[in-house]
Every structure is written in structure tokens, then in C-alpha cells.
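All remarks here apply to the structure that follows.
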Amino acid sequence: MESNKEELNQLIDRYLAGDCSVEENRATNSYFNQVAADMADREPDKEIEKRKERVWKRMNIKSYPGTIKYVFRYLVSSAAAIILLISGWFFLYPGKQGVRLHNTRIQLVKTDIQPGGFGATLTLADGRSIALDSAKLGVSVGQAITYNDGSNVLGKEETLAPAVSLLTASTNKGQTYSFTLSDGTKVWLNADSKLTFPSRFVGDKRKVTLEGEGYFAVSHQANNSFFVESKGQLVEDLGTEFNIQAYPDESVVKTTLVEGAVKVNARRIEPGEQTIYSSSGDLTVEKADVFKVIAWKQGDFVFRGEPLEEVLRTVARWYDIEVKYDRDDTKRITVGGSISRSKTIRSVLNIMEQTEKVRFNVTGRVVTVL
């Protein structure tokens, strides 16, 4: 036990010093924030308070009062934490809807499915569809359309026509990609998403349309706002970074402001806030769990007690699977945890099965919840 605690202390120290591997950094961030969310009712002592400020500074995410209390005390108190940090973890929250399931033996998934990766399709105004190179991280749109390494997407000499035209960038399930628009705005598209934008912006208003999920880092231009339209919602950006989730199969649109300033349907929100827009036109504002919202962009799944049905919708988009349920009551089980999106479906489902509250069967690309 003492040696495990010492290893944990060493891991934390390496993290603070910036010496962790990519996988250790990602796992530490995810586990740190997940534990933090469940410790909000405890007051930190001075030493822990100082240490957590250093961690959040390294993570470049603002800390909010009551968010990360007593985290390190819990990190170093659990011998199992090292395994959780590196492999990811899930647990079943107490059933808020009164769901009760008997313990069952773990049933290992017999079929494995690889995670998604880079990829997208760019559709030009003339109808041509170009499958973007999955070995490249993104493209930039200017007079020509180029990959991040400078190579031309359309062909060695081909450029876009001088007239403004509409382009559509789309990702399938299991794909993610980044796009730099003509004004310098950068957009990361999550799986199963679509962005429609002009080849160049003219006039005093820049506007794009999003379906699915995207993270925007908007290039500030004085007296030239940037607008994102999605499912009846209009976001006006004043030069900032924000995330929009607007999938057709989700009942609401969620817009989360990371930094800067935006107006959502003319209502201004502050960094760390999230708007929830319903199909009936209702708009509410609440504090956001920023780390959870943008975890997909960092390469993680992070859940905080969402219903299993909602969790598996997110998982399904990344692994390109179909989810079926033997019983409706399993949809309401509430799930929390964190795991890298680079893991196979076997890793994700097996960890959930270790709660002994839910089992899965995989046949081809169909996952059945038993």
C-alpha cells in the first residue's frame, strides 16, 4: 500500500513538473477532474488548495469555487488509483430513477471494435466530394485549400474560384478533423458532424452553420461578428472559444463558453457558463463542467452521472456502432467515469461491466445491453 501511495505521489509530481507521457497526462487530467466533481461538499486545507491551483494552471482551465476540493488527498489514499489513472474507469451512480439491478458475473465482450480517428469529407460548390487524408490533422481554406503541411487538397495547381461559394465539411461516425477558415477561425469537428461555411467571408458578418458538435476558436475582427447557426439557435461570437453540441438525435442544443464572450439568441453568457436550448425555444443558462464538455477534443470520454442511453449515444458516434437494449430500464442507469477515446470498444465496455450492474454483447457492429 505504501509503495503504491509513493508511486502516486511520484506520478503527481511528474505531472506538475511536465514530465508525464501523453497517456499519463491525459489519464491524470481525466481522473483528477472526475474525482473533483464528487468532492464538492468538502473544504480543502491550505496545502491541497495551493497544489490544485498549480494543477489547474498547467491544465489551462479555470478553476471554479467548489470544483476541485480534496482531490489529491483522494488520489494518494487509494492503492487502486494507479490502475484507474492509466486504464480509465467507470462506475454506476446510485439509480436516480430507482433502477435496481441484481449483481451478475462479468461477461467479456467477444468482439472488439477499433476507435475512430482522423478523417472527413469536403464537398465543394460544384458537387465534388473529397475524402480528406486521414494521415493529416486538418485543412486550411484560403485561395487554395491546403493540408496542415502545406500540400494542396484539390490538386497541385488548382485554387478556388474568385466568387464566394459554400463549402461543406462533414465527419462520419468514427471521424474527427479540424478546419481553419479563411478568416483564421479554427473549428474542430467531432464525429458525425457537418459544418457549412463560405470559401471566404465578405461584408460585416461572418456566418457558418453547424450540425453535430464543433469546437470554435474564433479569430477576432473588430466590428465583424462571427455567427454559428444550429437547430434554430444563433450564436454571436465576439472573438473567443466555445463548444456547440447540436446533434439531431439530442433533445437540446448545448453551447459552452470556454473564454471570451458570446451571445446565444441575443443572451450574453460568461466564460464557464453553458446555455441549453430546447426545441420549444426555451433557453436556460447554467454553470458548465468545461473539462467534461471539451474532453472529446482532448481525446477522452468523461461522464458525470448521465443516463446510460445518453452515454452510449456518445460512444456509438465514435465507434460507429448500433446500440440495442434488451430491457428499457437499463437505459436509465446513471454512469460516471473517464477513459481515453483511443481505447477499443472492448476496453470501454469491459470497464463498465466491472461494476457488475450491466452487461454487453457485441455482434458485428451491434452492441446489445443485456
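Quick notes
- Label-to-label distance, nm, for residues given as Ala266 and Glu250 (7 Å Cα→Cβ offset): 2.6
- For the pair Glu229 and Glu306, label points projected 7 Å from Cα toward Cβ lie 2.7 nm apart.
- Convex hull of the stretch 193-253 built on C-alpha atoms - directionally averaged projected area, nm²: 4.1
- Note on Thr123 and Lys156: the model spin-label points, each 7 Å out from Cα along the C-beta direction, lie 3.1 nm apart.
- Among Glu306, Glu356, the sequence by solvent-accessible area, most first, with a 1.4 Å probe is Glu356, Glu306.
- Estimated FRET transfer efficiency (Val285, Thr344; beta-carbon r; R0 25 Å; 0.05): 0.10
- Here the calculated FRET efficiency for Ile130 and Arg332, from their Cβ-Cβ distance with R0 = 41 Å, stands at 0.45, rounded to the nearest 0.05.
- Straightening the chain between Val202 and His220 buys 5.0 nm, computed as 0.36 nm per residue apart minus the Cα-Cα spacing.
- Under 5 Å from the amide H of Leu154 lie the amide H atoms of Ile145, each residue being 5 or more positions distant or on a separate chain, with H modelled from the backbone and absent for Pro and chain starts.
- Summed over the residues of the stretch 209-349 and divided among them, the accessible surface reaches 38 Å² per residue at a probe radius of 1.4 Å.
- Gyration tensor verdict on the stretch 223-303 (Cα atoms; rounded if a/c is under 1.5, prolate if a/b is larger than b/c, oblate otherwise): oblate
- Measuring between alpha carbons in the structure, the pairs from Lys136/Lys331; Lys186/Lys324; Lys156/Lys205; Lys186/Lys263; Lys194/Lys292 lying more than 29 angstrom apart are Lys136/Lys331; Lys186/Lys324; Lys156/Lys205.
- Per-residue HN-Hα couplings for the stretch 166-183 [Karplus 6.51, -1.76, 1.60; θ = phi - 60°; Hz; x = Gly/Pro]: 8, 10, 10, 9, 9, 10, 7, 4, x, 10, 8, 7, 10, 9, 9, 7, 5, 8
The values are calculated or read from the model by the stated rules, or taken from the named source; none is laboratory data. Just so it is clear, the model here is predicted, and its values are computed rather than measured. Heads up, the Cβs are rebuilt from the backbone with ideal geometry, glycines too, and the neighbour counts pull from every protein chain shown. For accessibility, only protein heavy atoms count, side chains too; no ligands or nucleic acids. Shrake-Rupley method; radii C 1.70, N 1.55, O 1.52, S 1.80 Å.
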